[in-house]
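The values are calculated or read from the model by the stated rules, or taken from the named source; none is laboratory data. Not measured: the values here are computed from a predicted model. Glycine also receives a Cβ, built like all others from the backbone with ideal geometry; neighbour counts cover every protein chain displayed.
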Amino acid sequence: MIDFFMNDFINHPGIILILGGIAMMFMPGNMRRITTFALPLLALAGFLSYPDDLILTINAFGYTLDPIRIDGLSWIFTLIFIIASFLAAVYSLHSSNKAEQSTIAIYAGSAIGAVLAGDLLTLFIFWEISALSSTVIVWLGGSNQSKQAGMRYLLIHITSGLLLLLGSILHYQQTESILFNAMTIDTLSGLLIFLAFGIKCAFPLMHNWLQDAYPHASPVGTVALSAFTTKLAVYCLARAYAGTESLIWIGAIMTAFPIFFAVLENDLRKVLSYSLNNQLGFMVVGVGIGTELALNGTAAHAFSHILYKALLFMSMGAVLHRVGTVNASELGGLYKSMPWTTVFCIIGAMSISAFPLFSGFISKGIILYAVAEEGHWIIWLVLLFASAGVLDHSGIKVPFFSFFAHDQNHKCKEAPLNMLLAMGMTAAACILIGVFPNVLYQWLPHEMDFHPYTFDHIITQLQLLFFAALAFVVLFRNGWYPPEIKSINLDFDWFYRKPLNNLVGAMTMGFGSLLTGVQNFKQSSLKTITTFALQAHGPKSSIARGASVGNMVVWVAVLLSACLVFYYF
């Protein structure tokens, strides 16, 4: 039994990445690069050594824990997380930032550990490692904005962890179990855990940490960040809250509102961050529908989304690496200098826009079909609108303004070879599962009979895409499309950046003034008491003054008389 336990943990892909990441901190450059590349492969080998339905149960500290649970849902999320860690490792090979490469491995390992967790205690441990390591990745962006954004990111994700911990404690008190299974928001414990997942999933009004932090990480760091945190939250929602109806409306809102911000945004990595929020909405809707088909759609879309979103962030990271900016107002004409990056970016854009023969088409279609099958027609229309918006801000805006629109005459080199290799492999994966969807469908949690390449689906999607593209052309040609200017978009984070920050500042000043007043009162009171004591008993007081012999004799006689009278009575 002990050997079985140890073998399982030795092969644990999350543990392999975490321990390897720690070891990488002490390795010289070439050895570290080899390890960076090899760790995901070792993690994959360890993961594939597990059976498809493993549940490892242990008793520790009086609790029953399932530190490893593999089923259809956790299997596919673990697989794509390992693939994402490998692509991020290849993309980072040119980097000499030891801390970043090490932390990314730890971050990926913690996300995998959380996915494989079958109990809330194990989930919480990996949840917190994920929060801390991802914060370090933001800080390693190296700018003052990175440090400030990382601190805000840390505070928000610590809040998520505290909610998860408190909800887990209450759940144990209610059920005497900490196994991570289906829950409900009708109980306080379930609601707290739901909110913890919602923060990490960037629910509406909880989403700004994403647009705040991701664009301030390094090009390599942003690629890693885009893959794990939010999709871990999607997995947790699918595990615990499948079929929760409120998620349908939350997800629909998530798909719609980022479109308007993304259209106005000048920073193209922020555009992609808003787009990430939009795509999460499709997955959340699938979780809310909760049928086997919808959950398959959520898992498939998470898989394909990690790939095409990583590809888009990779291309923008390559632009930032060579040009030094990803502001749309400062880019254009880069297809001349970076032709391969341009091609890869276009493949990512077509994938996220769900063009036929690309990955988004074969995954997003499952969710749309599941929504229609359950009769949620208003939600279905919202998702169609959101799909058109995705084409506008990520499918067209990002590649168009980066590589074509305004020729800024940038003269630069093509992206480094390892970046091109990572983008090439990711682009190939987007096309592979788009052309051969069964390559992905065979790994989904539930069996299904869904065929994406039906005449109706292809025609509907092409009509949607062509009319959305026509709208962009008309708006742009007539000067109605929002211009690319240096600006700051006000989002919900304004409330905690400005009024809440001012309130905290005012409270801090008020508390400081109160402490100063108490200190001054204490000092003045002490000074008064000291002055009085010196006047009464000091060297210049009446008690300390010298007296004549005659006076002393009189006082001695008086005291003796008083003693005799007292003794007599």
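Of everything in segment 252-269 that is in contact (Cβ under 8 Å) with a residue 24 or more places away in the chain and of a type in the set (Phe, Trp, Tyr), the residue that is farthest from SER402 (Cα to Cα) is PHE257. For segment 124-181, the set of residues classified as under 17 Å from ASN208 (Cα atoms) and among the hydroxyl-bearing types (Ser, Thr, Tyr) consists of SER134, THR135, SER146, TYR153, THR159, SER160, listed by residue number.
LEU381 meets each of the listed conditions (1) closer than 23 Å to ALA252 by Cα; (2) over 27 Å from the mean Cα position of the chain (by Cα); (3) part of a loop (DSSP other than H, G, I, E, B) apart from (3). For segment 334-349, indicate whether the set of residues that are assigned to a helix (DSSP H, G or I) and charged (D, E, K, R) is non-empty. Looking through segment 334-349, none of the residues is assigned to a helix (DSSP H, G or I) and charged (D, E, K, R). Across segment 166-204, the number of residues qualifying as touching an Asp or Glu at 6+ places or on another chain (Cβ under 6 Å) and either among the hydroxyl-bearing types (Ser, Thr, Tyr) or crowded, with 22+ Cβ neighbours inside 10 Å (or both) comes to 1.
Residues are listed down the side, and each one gets a yes or a no for (1) assigned to a loop (DSSP other than H, G, I, E, B); (2) modelled with pLDDT of 80 or more; (3) not assigned by TED's automatic domain parsing to the domain that holds LEU205:
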{"residue": "PHE400", "(1), (2), (3)": "no, yes, yes"}
{"residue": "ASN409", "(1), (2), (3)": "yes, no, yes"}
{"residue": "LEU420", "(1), (2), (3)": "no, yes, yes"}
{"residue": "ALA429", "(1), (2), (3)": "no, yes, yes"}
{"residue": "ASP449", "(1), (2), (3)": "yes, yes, yes"}
{"residue": "LYS486", "(1), (2), (3)": "yes, no, yes"}
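Being modelled with pLDDT under 95, of a type in the set (S, T, N, Q) and within 23 Å of the chain's Cα centre (by Cα), is that true of even one residue in segment 33-44? Within segment 33-44, one or more residues are modelled with pLDDT under 95, of a type in the set (S, T, N, Q) and within 23 Å of the chain's Cα centre (by Cα).
Summed over segment 134-163, the residues that are touching a residue at least 40 places away in the same chain (Cβ under 8 Å) and in contact with a Leu (Cβ under 7 Å, 6 or more places away or on another chain) give a count of 2. Please indicate, with yes or no, whether at least one residue in segment 240-247 is buried (at least 24 other Cβ atoms within 10 Å of the Cβ), modelled with pLDDT of 95 or more and assigned by TED's automatic domain parsing to the domain that holds GLU373. Scanning segment 240-247 turns up at least one residue that is buried (at least 24 other Cβ atoms within 10 Å of the Cβ), modelled with pLDDT of 95 or more and assigned by TED's automatic domain parsing to the domain that holds GLU373.
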